[in-house]
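Just below is one structure, and these are the notes that go with it.
The values are calculated or read from the model by the stated rules, or taken from the named source; none is laboratory data. Source: prediction; values computed, not measured. Note that each Cβ is placed from the backbone with ideal geometry, even for glycine, and that neighbours are counted across all protein chains shown. These area figures cover heavy atoms from the full protein model, side chains too; ligands, DNA and RNA do not enter into them. Shrake-Rupley method; radii C 1.70, N 1.55, O 1.52, S 1.80 Å.
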Amino acid sequence: MLKFLGVGGAFTKENGNTSAYYYVDSKSILLIDVGESIFNEVLNRNLLDNIENICILITHFHSDHIGSLGSLLFYCDYLNLSTKIVFPNVEIMKTIINLFGLDSSIFNIIQPKDVKEFKVRELRQVHDQMEAYGYLLKLDGKTVYYSGDTKIIPTEILEHLNAIDYVYQDVRDSDYPHHLSVSELEQLIPFQYRDKINCMHYPDNTNLNKIKKLGFKYVRKEEIK
Ligand SMILES: [Zn+2]
Ligand SMILES: [Zn+2]
């Protein structure tokens, strides 16, 4: 469903920072997170060719999620795109954009509930004391849950796995205080739902076979054509 510009965490060589995109229609793109490696991926793929509207959804402010947001926004302004930045705390997002040296008033900075093109709702995550969110989205009739970085899976998601088509979940190979481990994921997700779970944000040396053996999927960085 979603395509990935990177699938790794903060310290990654090949995998790049985790970030996903989706063409909402022929002129509109949704981009989730813009870590340090992501602006280059956008440029290398000519991702914004023929695009008029971009909606940038941000999960939290670690630099592997917003590290190249400033450059991307400069570029969106240069291309004259209609640019929405979506985050529940609008004021703090405006401050960040101003600190990037941009005038935040030229962008449309809104909360998830104010997105008109598709349905999106935030779910608060537990991630290193910081304000971090996952999102529940409705895209082309499919229900998609994107976790962002987190130590938990919200109860609401666990209780409604039957109604969700795609889950994109932050995982770590081993126990870690700010991310969910594969063994925690194994405990939380009944076997019949595991093929909906697409693991992401994994370090380069993660044992992907272990993830697969347990019945989960994992996302790969999209090849550049
Ligand atoms: Zn991260
Ligand atoms: Zn993080």
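Just the residues that are within 15 Å of ligand 2 (Cβ to nearest atom) and touching a residue at least 24 places away in the same chain (Cβ under 8 Å), please, taken from segment 108-134.
Arg124, Gln125, Val126, His127, Asp128, Met130, Glu131, Ala132, Tyr133, Gly134
Tell me, which residue of segment 154-174 that is within 15 Å of the chain's Cα centre (by Cα) and open to solvent by less than 50 Å² (accessible area, probe 1.4 Å) is nearest to ligand 1 (Cβ to nearest atom)?
Asp170
Does Pro177 satisfy being touching a residue at least 24 places away in the same chain (Cβ under 8 Å), within 16 Å of ligand 1 (Cβ to nearest atom) and more than 30 Å from Arg45 (Cβ to Cβ)?
yes
In segment 130-141, is there at least one residue being under 22 Å from Asp64 (Cβ atoms) and modelled with pLDDT under 95?
Yes; the residues of segment 130-141 include at least one that is under 22 Å from Asp64 (Cβ atoms) and modelled with pLDDT under 95.
Against the definition (within 16 Å of the chain's Cα centre (by Cα), open to solvent by 50 Å² or more (accessible area, probe 1.4 Å) and of a type in the set (A, V, I, L, M, F, W, C)), how does Val126 come out, yes or no?
Yes.
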